[in-house]
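Structure, as structure tokens:
The values are calculated or read from the model by the stated rules, or taken from the named source; none is laboratory data. Nothing here was measured: the structure is a model prediction, and the numbers come from that model. With ideal geometry, Cβ positions are generated from the backbone for all residues, glycine too; neighbour counts draw on all protein chains shown.
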Amino acid sequence: MRRFFGAVFIGLGALLLVAAGGLVLLVGPAVTKLPYNMQPCPPKGQAQPAGCLQPSVAEATGATFLEIDKVGAHISTGDLRSTTEVIPQAKTTADEQGKNNLTDSSIVWDVYNTAARIDNGTVISASSTELALDRATGAAVDWKGQWISESQGSKDTSISYKGEVYKFPFSTEKKDYAYWDPDTRTAPTAKFSSVDTIEGVQTYHFIQTIADTPLTVADSDLGALINTFATTATSAQVIYSNTREVWVDPATGSFIKVREQPRKTLKPNVGATTTLLNADFVYTTDTIKSSAQSAKDNGFQLSLVTLYLPIGCGVLGLVLLVGAFVMLKGRRPGQEGPDDGVGAPLPPPRHSLRGEAEDTSPARVG
């Protein structure tokens, strides 16, 4: 029986060690990448599939902003809501990979952003873009198919994304990252600042500071601004600055909280400067809670597959192999266990056979 159980333990131990290695080498890398089958969440009130992508909503109270309506262009003050929605493009991704324009480590996303007044829903600005991301790092991938919408509704295909865009890498580190800014179309450094806990999730806090920078503005748009707010000027610049803060779940690289403080001014060569935008956008409480819960769920699955299961399988496999070794090698030659009766020595007979009794009579002297 010892031989039987020893063989079983060896088989199970070897299988568990192979499983541990497979989890580390094959399954782990697969789950630390953006999946191809992600879907946006349906509207509130409908069933929410597990793992669907919720829109990110940020609000700014008492913002100053440029508004263009039936009255014309004017500066308004009010509360704004900015909504960002990600729509993964599985078919485009597959088609581009089939043409060798993208590798299997890339994924294509469409992203839509809308800023609107909270009080009446008037849209203040809207933009959309299509880009390719690295599935593991979240960084932009050089892809000829990328585009971004222009103010007139046309697509600018000359856009060249750089750095992290809508997420940070899986296993984000406590270091600085290049982070995309859509206004300057550059990727200034987002510096690691601190470790903060938000809704029970330990996050890495990064801060990106963009000093006053002249923006490239279409001549028609710049001319309209001058005619409205600087009628005596012959030229002007739109100056932009921003302080952007992101709190990142280091396990998944997803954003738990985002704060942006953009400021835009029209600075003419003659006359006073006009504030076109001055706002302080922060993720809403619902967005923060939803992001934190998603990070907890995904983080647990990642830890289970990449840490706990490999360690458990490895330790149990080693225990079984050691047990089998002790079971098979711990016996001395000729010694059998209590359950093994094959080959055991026969017990001594109780009685001698007839005719073979020992002769105990005294010897005769001749």
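List of remarks:
- The condition of being in a loop (DSSP other than H, G, I, E, B) and hydrophobic (A, V, I, L, M, F, W, C) holds for only one of Ala233, Ala190, that being Ala233.
- Any hit, segment 166-186, residues being touching a Gly at 6+ places or on another chain (Cβ under 6 Å), free of Cβ contacts under 8 Å to residues at least 40 places away in the same chain and in the same structural domain as Met38 (by TED's automatic domain parsing): yes
- Check on Ser56, within 20 Å of Thr285 (Cα to Cα), touching a helix residue (DSSP H, G or I) at 6+ places or on another chain (Cβ under 7 Å), crowded, with 17+ Cβ neighbours inside 10 Å and in contact (Cβ under 8 Å) with a residue 40 or more places away in the chain: yes
- Tally, over segment 197-206, of residues that are at positive phi and surrounded by fewer than 14 Cβ atoms within 10 Å (Cβ to Cβ): 1
- Extreme residue, surrounded by the fewest Cβ atoms within 10 Å (Cβ to Cβ), among residues of segment 95-127 that are in a helix (DSSP H, G or I) and without any contact (Cβ under 8 Å) to a residue 40 or more places away in the chain: Gly98
- Taken together, the criteria place Ser171 among residues that are under 16 Å from Gly253 (Cα atoms) and either at pLDDT below 95 or assigned to a loop (DSSP other than H, G, I, E, B) (or both).
- Candidates Asp183, Asp134 - the one that is touching a Leu at 6+ places or on another chain (Cβ under 9 Å), among the acidic types (Asp, Glu), surrounded by 14 or more Cβ atoms within 10 Å (Cβ to Cβ) and farther than 24 Å from Asp104 by Cα: Asp183
- Matching residues, segment 254-275, being over 19 Å from Ala58 (Cα atoms) and either of a type outside the set (S, T, N, Q) or at pLDDT below 95 (or both): Leu266, Lys267, Pro268, Val270, Gly271, Ala272
- The set of residues in segment 67-84 that are buried (at least 17 other Cβ atoms within 10 Å of the Cβ) and over 35 Å from the mean Cα position of the chain (by Cα) contains only Glu67.
- Asp196 being in contact (Cβ under 8 Å) with a residue 24 or more places away in the chain, touching a His at 6+ places or on another chain (Cβ under 7 Å), in a strand (DSSP E or B) and not aromatic (Phe, Trp, Tyr): yes
- Figure legend. Inter-residue proximity from segment 207-222: first residues surrounded by fewer than 14 Cβ atoms within 10 Å (Cβ to Cβ), second residues among the charged types (D, E, K, R), beta-carbon distance below 7 Å, spacing 6+ or different chains. Indicated pairs: Leu215/Asp183.
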